[in-house]
Amino acid sequence: MTEEELIGRLSQLSTEQLDALHDKLQLKIQEKQAERERLTKLPPRTSNDLEALAEIQDLDLSSLLRDAKKYS
């Protein structure tokens, strides 16, 4: 979706709809931050924990984990 398409779609929404969208986005941001804080406070115990932590940090560790599993 281009910026023009996004602006076009958003401009069709009412003020109430934009407020609701803003509230949903703020909630998602807070949830993502809370999850990131929760996972960074705990050390990874399994490869699933490590994969979840990497996903939250927007890292791709899948190939590294596959290689590590081969040698362990």
Self-check item: Which numbered condition Lys70 misses (of (1) surrounded by 11 or more Cβ atoms within 10 Å (Cβ to Cβ); (2) assigned to a helix (DSSP H, G or I); (3) modelled with pLDDT under 75)
Solution: (1)
Exercise. With the condition kept exactly as written, say whether any residue in the range 13-28 is at pLDDT below 70, under 18 Å from the mean Cα position of the chain (by Cα) and either of a type in the set (D, E, K, R) or in a helix (DSSP H, G or I) (or both).
Key: no
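The values are calculated or read from the model by the stated rules, or taken from the named source; none is laboratory data. Worth saying up front: this structure is predicted, and the values here are computed from it rather than measured. Ideal geometry is used to build each Cβ from the backbone, glycine not excepted, and the neighbour counts take in all protein chains shown.
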